[in-house]
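The values are calculated or read from the model by the stated rules, or taken from the named source; none is laboratory data. Treat the numbers as computed from the prediction; the structure is a model and nothing was measured. Note: ideal-geometry Cβ built from the backbone for every residue, glycine included; neighbour counts use all protein chains shown. All accessible areas refer to the heavy atoms of the entire protein, side chains included, with ligands and DNA or RNA removed. Shrake-Rupley method; radii C 1.70, N 1.55, O 1.52, S 1.80 Å.
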Protein chains: 2
Amino acid sequence: MTKPIYAPPIYDRVALIGLGLIASSMAHAMKQSGLAGEIVGYAKTEDTRRVAVEIGICDRVFGSAAEAVQGADLVVLAVPVGAMAEIAAEIGPHLSQGACVTDVGSVKQAVVDAVAPHIPAGVHFIPGHPIAGTEHSGPRSGFATLFQNRWWLLTPMPDSDPKAVARLRRLCEAMGANVDEMDVPHHDLVLAVTSHTPHLIAYTMVGVAEHMRRVSNSEIIKYSAGGFRDLTRIAASDPTMWRDVFLTNKEAVLDILGRFTEELFMLQRAIRMGDGEQLHAYFTRTRAIRRGIIEAGQDTAAPDFGRAAPAAKPGE
Amino acid sequence: MTKPIYAPPIYDRVALIGLGLIASSMAHAMKQSGLAGEIVGYAKTEDTRRVAVEIGICDRVFGSAAEAVQGADLVVLAVPVGAMAEIAAEIGPHLSQGACVTDVGSVKQAVVDAVAPHIPAGVHFIPGHPIAGTEHSGPRSGFATLFQNRWWLLTPMPDSDPKAVARLRRLCEAMGANVDEMDVPHHDLVLAVTSHTPHLIAYTMVGVAEHMRRVSNSEIIKYSAGGFRDLTRIAASDPTMWRDVFLTNKEAVLDILGRFTEELFMLQRAIRMGDGEQLHAYFTRTRAIRRGIIEAGQDTAAPDFGRAAPAAKPGE
């Protein structure tokens, strides 16, 4: 699919604060279609900044976030949620009038609480969250198609300028995403169900396996194709990002976890009681959700996610 | 990779009892490499039997399992675990002297209890379990490479003839699998960790999502890319097979579920208490298991399982 080149670009200078998977994928997508006149960046470590210029995701990098945002008409906060407050306090005085500040954090209320107080009048703050990712992290993990046909949620403030929202939406769509708007608390609840709690239970199951004494790690690894390996992919995501998600979306996650435990106990009891009918009915209902996801284009119907069969046996 | 054609074939006549994903994949793999002189089959429904001949996975089908096993030197029981006892009782009197009977069930103690009493002297019973599968089921879902580089566990009886075991092992390896032998209770424990409990928690999480009132099913489906969709694939597996797994591997599953709940409560408490250090340390450890699985060739390191990015937005 050939993408249109945007001329003029949607933003003249985009400042990426944090240069991990999401920011580097945005850079690739923006460069591919000419969506930004210039892309500048800031990352905490010298090494990441160097890599960013080397692989071409940033035209220029700066040693501080304050310098990076100067003169930018779009600032993207792409740091762990727990680091947002400090960054916002630092950049606040250096933001240009009329600029837009957005973020890509997986929770929204905590970001609003951390960032909004530092945004000066005349600057548009429009929180956002692209629901896309892989289990990899860092500046080299990005790729231009990460957002293709994924949802990008925007949670504008009640006083957000509709024109600024429309411009940001245009950028997200030009990177391949579908955009929805919703309010902040609803976002955090929806994501607790579709992302945060699934991650926590995946981490937990992998942790249980690791603690087993009577089953060796090598057995778990060898025989993982029966379902476990899919959980390990989720449980390989960035630990800092996920720590912050759970600490900052505490209420919604604890709510969903409570429901999960109730439900699990009900199924556990059915197993103990030998209630095959209840189990069968439950497992039949959950199939319908999967069909919906495939029909909505959010996953492939190919068996096993279309994984290629391994080419050869190890050691051969 | 070109496979050798086995001449003579490893078995002269293989009888597949049950013609779902595993049996049809075995048929494709055996035909591809000439591992069986003839493949005959039995399935409960007329429709499945007709399809099996139509798509060529069976040379002949029979209206009863008793007829299908006559003259076969390998009989593969590929029906849900709950159906094994009845099938074994039916075929017992019709098995040929010197024949091998194996199965592909996901639990082994229950299969041994159900099948062994019906196996006459002079017939070799060698339970087995290929750790391979997809979320699809039925005779059309099979493909020749399903077992490629997957593990096929054999759990021979104490009195199993080593020559019969070696021959069955040769078949599994010729279909592309790696073979390990282990004892029956250990198999059921290992699989409770790597497969059965992961499936149950995936089913549970999908069930929780479905029950939410404040989050619509369409929201869950649209925003599933954040982790949930991977669980839905696991939770789309065949309900009858999984009902039987949980009912027949009850003790091991309840044991692992107990550990899972303890562990989950510990993490839940860390979230409630805001213990970021504990969460971060836990999430860091689980990454190592993922690396092990990729190094062992049991999954791809490609981001997102190497799923292709969706080509276009819906409606475009």
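Expressed as a whole number of Å, what is the distance separating the alpha-carbon centroids of segment B:214-233 and segment A:240-259?
17 Å
How well do other chains shield peptide A:263-273, expressed as the mean number of their Cβ atoms within 10 Å of each residue Cβ?
Per residue, the average neighbour count from other chains is 6.
With the Cα gyration tensor of segment B:1-81 giving a ≥ b ≥ c as the square roots of its eigenvalues, does the rule (a/c under 1.5 for rounded; else a/b larger than b/c for prolate; else oblate) give rounded, prolate or oblate?
Judged from the Cα gyration tensor, segment B:1-81 comes out prolate (a/c at least 1.5, a/b above b/c).
When the accessible area of chain A is computed with all protein chains present and a 1.4 Å probe, what percentage of it is carbon and sulfur?
52 percent
From the label point of B:Gln70, set 7 Å from Cα along Cα→Cβ, how far away are the matching label points in the other copies, in nm, ordered shortest to longest?
Here B:Gln70 shows inter-copy label distances of 9.3 nm.
Kindly identify segment A:186-274 as rounded, prolate or oblate by the Cα gyration tensor criterion: order the square roots of the eigenvalues as a ≥ b ≥ c, call it rounded if a/c is under 1.5, otherwise compare a/b with b/c, prolate if a/b is larger, else oblate.
oblate
Which percent of Cα pairs goes in each bin when the distances of segment B:116-268 are cut into 10 angstrom slices starting at zero?
For segment B:116-268, the binned pair fractions read 9, 28, 34, 19, 8, 2, 0 percent.
Write down the accessible area per residue of the protein assembly as shown in Å², having rolled a 1.4 Å probe over the full set of protein chains.
For the protein assembly as shown, the per-residue accessible area is 37 Å².
Name the residues of segment B:230-250 whose amide N is less than 18 Å from a point 7 angstrom out from the Cα of A:Arg291 along the C-beta direction?
Backbone N within reach: B:232-241.
Which percent, to the nearest 5, of DSSP beta bridges fully inside chain A are antiparallel?
Counting DSSP beta bridges with both partners in chain A, the antiparallel share is about 10 percent.
Given R₀ = 51 Å, what would the calculated FRET efficiency be for B:Glu173 paired with A:Ile55, taking r from the Cβ atoms and rounding to 0.05?
For B:Glu173 and A:Ile55, the calculated efficiency is 0.70.
Give the interface area between chains B and A as buried accessible surface, both sides summed, probe 1.4 Å, in Å² to the nearest 100.
Approximately 11100 Å² gets buried when B meets A.
Once the other residues with Cβ under 13 Å from the Cβ of A:Pro162 are scored (Lys, Arg +1; Asp, Glu -1), what is the net sum?
Net of charged neighbours comes to +1.
Distance check, please: which entries in A:Lys163/A:Lys250; A:Lys31/A:Lys250; A:Lys44/A:Lys222; A:Lys44/B:Lys222; A:Lys222/B:Lys108; B:Lys44/B:Lys108 exceed 27 angstrom between their Cα atoms?
Distance filter (> 27 Å) returns A:Lys163/A:Lys250; A:Lys31/A:Lys250; A:Lys44/A:Lys222; A:Lys44/B:Lys222.
Tell me the Kirkwood hydrodynamic radius of segment B:31-119 in angstroms, computed as one over the mean inverse distance between distinct C-alpha pairs.
Result for segment B:31-119 stands at 13.6 Å.
Calculate for the protein assembly as shown the 222 nm mean residue ellipticity that helices alone would give, adding -39,500 (n - 2.57) per DSSP H run of length 4 or more and normalising by residue count, nearest 500 deg cm²/dmol.
Helices in the protein assembly as shown give a 222 nm mean residue ellipticity of -14000 deg cm²/dmol.
Would you mind giving the mean number of other chain beta-carbons within 10 Å of the Cβ of each residue in B:179-189, as a whole number?
1
What are the residues whose amide H is under 5 Å from the amide H of B:Trp152, where those residues sit 5 or more places off or on another chain and H is modelled from the backbone?
B:Ile131, B:Asn178, B:Val179, B:Asp180
With the alpha-carbon atoms as the only input, what is the per residue convex hull volume for the protein assembly as shown in Å³?
Residue-normalised Cα hull volume stands at 154 Å³.
Compactness ratio of segment A:145-232: Cα Rg over 2.2 N^0.38 Å, N = residue count?
1.63
Residue by residue through B:238-249, how many Cβ atoms from other chains fall within 10 Å of the Cβ on average?
Across B:238-249, the average partner-chain Cβ count within 10 Å equals 5.
Beta carbons within 10 angstrom, averaged per residue: use that to sort the peptides A:36-44, B:188-196, highest first.
Ranking the peptides A:36-44, B:188-196 by packing returns B:188-196, A:36-44.
Could you work out how far apart the two model spin labels at B:Met266 and A:Lys44 are, taking each label as a point 7 Å from the Cα in the direction of the beta carbon, and quote it in nm?
With each label placed 7 Å out from Cα toward Cβ, I get 2.6 nm.
What share of Cα pairs, in percent, lie more than 14 angstrom apart in segment B:82-129?
Result for the distance tail: 41 percent.
Given just the C-alpha atoms of segment A:11-182, how large is their convex hull per residue in cubic angstrom?
Value for segment A:11-182: 97 Å³ per residue.
Where a ≥ b ≥ c are the square roots of the eigenvalues of the C-alpha gyration tensor, would you call segment B:233-277 rounded, which needs a/c under 1.5, or, failing that, prolate if a/b is larger than b/c, or oblate?
Oblate.
So what's the gap between the Cα centers of segment B:146-184 and segment A:58-122, to the nearest angstrom?
Answer, in whole Å: 59.
What are the radius of gyration and Dmax of chain B, computed over its Cα atoms and given in Å?
In Å, with Rg to one decimal and Dmax whole: 21.6, 67.
Report the Stokes-Einstein translational diffusion coefficient (µm² s⁻¹, integer) for segment A:146-186, Rh taken as the Kirkwood radius over Cα pairs, at 4 °C with viscosity 1.567 mPa s.
Answer from the Stokes-Einstein relation: 122 µm²/s.
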